[in-house]
Amino acid sequence: MLGISSGPRIKGNTDLLLREVMSGAASAGANTEYISLNKLKIAPCMECNACYKTGVCRVEDDYQTVFTKMLDSDRLIFATPVFFMAVCAQGKLLIDRCQCLWSRKYVLKKSLFSTGSRDRRGMVIAVGGSKSKKMFDSIRLTMKYYFDVLEATYAANLFVNKIDDRGDILKHPIAMKEAFRLGHEFAGEEVPLPQEPVDVDISGNSYNSTEISRRF
Ligand SMILES: Cc1cc2nc3c(=O)[nH]c(=O)nc-3n(C[C@H](O)[C@H](O)[C@H](O)COP(=O)(O)O)c2cc1C
């Protein structure tokens, strides 16, 4: 399981949730690996379209390492704070570089994996400070296409609004506990895939969630 922390605040709200999801997954026996994009050098996609011929990105930087890890993992968790109603810049740099995977799939018509389809699943964690939940719509769309090129099923969202200051998530009555539970479930292979990503939607003040067990 690979957890990608894309926000700039280490031990910020999304980062803390991600770590807790991964602890839950580890408690279910998953091998977990955490990376923080903020510490990596990932250049923007230059739209050179070299990948249209090769299916790989020709820019040599830390993207190449993350790329390998993303392909090696069967469970991907992408965590981002909401910045201007969208995925934060560090996360978007990584996502845009996945254009080489888009080329591979839709231009070169090649599968990512030579050994047939794999049970790959993705989860998104996003936290925003405002009351509106509209901000999660854009995150949802972007992540749908990100998981599509990675040949992973978009399985779950953990969305939290009305959380702003660093570490405020720790004061929430159930958010961290819910993150742990979600991670534990997400690691399980026996849980069936949902048609649409399952939402765990937590508000800074209130809490709504669909039935927790057996949702993936
Ligand atoms: C540059 C920037 C843009 C932001 N834009 C939004 C926004 O559009 N909507 C929102 O609800 N919160 C916005 N926020 C607030 C963060 O989403 C919020 O503080 C969140 O808890 C940060 O998570 P973190 O601790 O993981 O960084 C913004 C914060 C920053 C620094």
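Eigen-decomposition of the gyration tensor built on the alpha-carbon atoms of segment 10-135 gives equivalent ellipsoid semi-axes of 26, 20, 14 angstrom, largest listed first. Restriction of the GluC sites (Glu not before Pro) in segment 19-57 to DSSP coil positions whose beta-carbon has at most 12 other beta-carbons within 10 angstrom yields Glu47. Go ahead and estimate [θ] at 222 nm for the chain from helices alone: -39,500 (n - 2.57) per DSSP H run with n ≥ 4, summed, over the residue count, rounded to 500. It lands at -9500 deg cm²/dmol. Given springs between every Cα pair under 10 Å in a Gaussian network model of the chain, which of Ile125, Ile139, Ile35 has the largest fluctuation? In the Gaussian network model the winner is Ile35. Qualifying chymotrypsin sites (Phe, Trp or Tyr not before Pro) in segment 19-124, where qualification requires a DSSP coil assignment and no more than 16 other C-beta atoms within 10 Å, comprise Phe84, Phe113.
Cross-link partners of Lys134 among lysines, defined as those whose alpha carbon lies under 18 angstrom from its own and excluding same-chain residues fewer than eight positions apart: Lys144, Lys162. Available extension along the chain between Asn49 and Arg166 is 38.2 nm, counting 0.36 nm per residue and deducting the alpha carbon span.
Once backbone amide H atoms are built at 1.01 Å from N, Arg121 has Arg75, Leu76, Thr153 as its partners under 5 Å, excluding neighbours fewer than 5 places away on the same chain. Sequentially through segment 12-24, phi angles give Karplus couplings (6.51, -1.76, 1.60; θ = phi - 60°) of x, 5, 5, 4, 5, 5, 4, 4, 6, 4, 5, 5, x Hz, Gly and Pro residues having no value and appearing as x. The Cβ shell under 14 Å around Val149 holds other residues with a net charge of +4, Lys and Arg each +1, Asp and Glu each -1. Remark on the chain: Cys45, Cys48, Cys88, Cys98 stand apart, with no other cysteine beta carbon under 4.7 Å. Over 25 Å between Cα atoms: which of Lys41/Lys177; Lys11/Lys39; Lys39/Lys133 fall into that group? Cα-Cα > 25 Å for Lys41/Lys177; Lys39/Lys133; rest within.
Full extension of the segment from Leu108 to Ser130, taken as 0.36 nm per residue of separation minus the current Cα-Cα distance, would add 3.8 nm.
Under 5 Å from the amide H of Gly167 lie the amide H atoms of Asn13, each residue being 5 or more positions distant or on a separate chain, with H modelled from the backbone and absent for Pro and chain starts. When the Gaussian network model of the chain links Cα atoms closer than 10 Å, the mean-square fluctuations of Leu112, Leu37, Leu16 top out at Leu112.
Every number here is computed from the coordinates shown, using simple stated rules; none is lab data. These numbers were taken from a predicted model, which means no experiment stands behind them. Counting neighbours? That spans all protein chains shown, and the Cβs are built from the backbone with ideal geometry, glycine included.
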